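First up is the structure itself, then whatever we jot down about it.
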Amino acid sequence: MSSRVTVRRTPKLFIGGKFPRSESGRSYEVTARDGTFLAQAAMASRKDARDAVEAARKAQPGWAGATAYNRGQVLYRVAELLEGRADQLTAEVAASDGDEDAAAAQVAASIDRLVWYAGWSDKITVVDGSQNPVAGPYFSFTTPEPTGVVAAFAPETPSLLGLVSVIAPVIVTGNTVVAVTSFTHPLPAVSLAEILATSDVPGGVVNLLTGDREELAPRLASHRDLDALDLTGFAGQDTTAYEEAAADSVTRVRRPGAPDEDWFAEPDPRRMLAFTEAKTVWHPIGT
């Protein structure tokens with residue numbers, strides 16, 4: 001009986017609901033903790049980043065126009081599919097980002113995180129909105145609305161939970177996202193992209209780039225069609241240059257948290273509000 005050649009995985013980018021290779025043709029080697037070769041991941045270029053922002057911009061109006069209930073259902077569907085591939089994701093996380101038990105805990109937490117944010121989809125307006133007391137015959141209401149297109153940098157570890165934790169609060173409020181994944185542990189992100197592509201998430205709502213964040217960050221921070229920048233993945237590093245580049249186009253910036261942030265702790269709902277704008281509507285009474 002002859003032995004067969006293993007079909008090795010060819011991880012690609014996820015842009016606009018499709019899986020292109022990097023336009024630069026570059027890739028980099030992904031290895032397990034013991035040095036075993038796992039795959040050649042695509043090395044995203046500045047052109048790939050521009051394409052991802054363009055795809056996110058095209059998708060943003062439709063996604064923002066969906067009902068909050070619908071967005072919650074979509075996130076829940078992603079959690080369902082992730083649950084169905086939990087064994088595969090656990091193996092991928094364990095290969096480079098922890099032992100089997102730690103990987104299983106991370107996958108379970110990622111599923112729970114999606115369900116947690118799905119539950120917030122039609123409640124965040126109630127929590128952050130208000131009916132304003134005004135002197136005059138008017139109704140005045142303030143409600144949160146999506147900022148628009150957000151570029152987010154996921155932490156290196158935990159590779160899957162960290163990525164889910166930066167994507168979910170962005171999209172649940174109606175934004176679209178271009179997310180740069182963990183450089184050393186990109187394979188769980190590639191599997192997440194496959195799940196997103198087969199779920200109810202419209203193409204372009206989530207775009208995932210694998211590659212060198214130090215190369216991509218200056219391009220994304222200075223991109224004039226971005227509305228917000230989440231620098232979570234740069235915890236413990238100086239992000240002044242990126243913040244200054246973003247300020248030139250009045251892009252909102254969420255600074256990175258502490259390097260020892262506990263990703264398994266319950267999220268702060270204010271993370272969602274970091275990517276919303278307050279809209280106040282006045283309406284006359286009695287006319």
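The values are calculated or read from the model by the stated rules, or taken from the named source; none is laboratory data. Here the structure is a predicted model, which means the values were calculated and not measured. Using ideal geometry, Cβ is built from the backbone for each residue, glycine included, and neighbour counts are taken over all protein chains shown. To get the accessible areas, we keep the full protein, side chains included, count just its heavy atoms, and leave off ligands, DNA and RNA. Shrake-Rupley method; radii C 1.70, N 1.55, O 1.52, S 1.80 Å.
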So which helices (runs of 4 or more DSSP H) are wholly in segment 1-114 and hold at least 1 residues that are in contact with a strand residue (DSSP E or B) (Cβ under 6 Å, 6 or more places away or on another chain), among the polar types (S, T, N, Q) and within 25 Å of Leu229 (Cα to Cα)?
-> 46-65
The residue from Ala94, Ala79, Ala109, Ala103 that alone is open to solvent by less than 70 Å² (accessible area, probe 1.4 Å), over 13 Å from Ile171 (Cα atoms), free of Cβ contacts under 8 Å to residues at least 24 places away in the same chain and touching a Leu at 6+ places or on another chain (Cβ under 9 Å) is Ala103
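Yes or no, residue by residue, for (1) acidic (Asp, Glu); (2) closer than 27 Å to Gly62 by Cβ; (3) not in a loop (DSSP other than H, G, I, E, B):
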| site | (1), (2), (3) |
| --- | --- |
| Pro202 | no, yes, no |
| His223 | no, yes, no |
| Leu226 | no, yes, no |
| Gln237 | no, no, no |
| Ala241 | no, no, yes |
| Glu266 | yes, no, no |
What residue, among those in segment 266-284 that are of a type in the set (A, V, I, L, M, F, W, C) and open to solvent by 30 Å² or more (accessible area, probe 1.4 Å), is modelled with the highest pLDDT?
-> Leu273
The correct count of residues that are within 19 Å of the chain's Cα centre (by Cα), open to solvent by 90 Å² or more (accessible area, probe 1.4 Å) and under 25 Å from Gly148 (Cα atoms) in segment 236-265 is 1
Which of (1) in a helix (DSSP H, G or I); (2) at pLDDT 95 or above; (3) under 30 Å from His283 (Cα atoms) does Gly174 not meet, given it meets every other one?
-> (1)
Looking only at segment 3-52, count how many residues are farther than 18 Å from Asp97 by Cβ, among the hydrophobic types (A, V, I, L, M, F, W, C) and in contact with a Ser or Thr (Cβ under 6 Å, 6 or more places away or on another chain).
-> 3
Which one is modelled with the lowest pLDDT, of the residues in segment 143-154 that are open to solvent by 10 Å² or more (accessible area, probe 1.4 Å) and of a type outside the set (Val, Ile, Thr)?
-> Pro144
Answer with yes or no whether Leu163 is within 16 Å of Pro256 (Cβ to Cβ) and of a type outside the set (Val, Ile, Thr).
-> yes
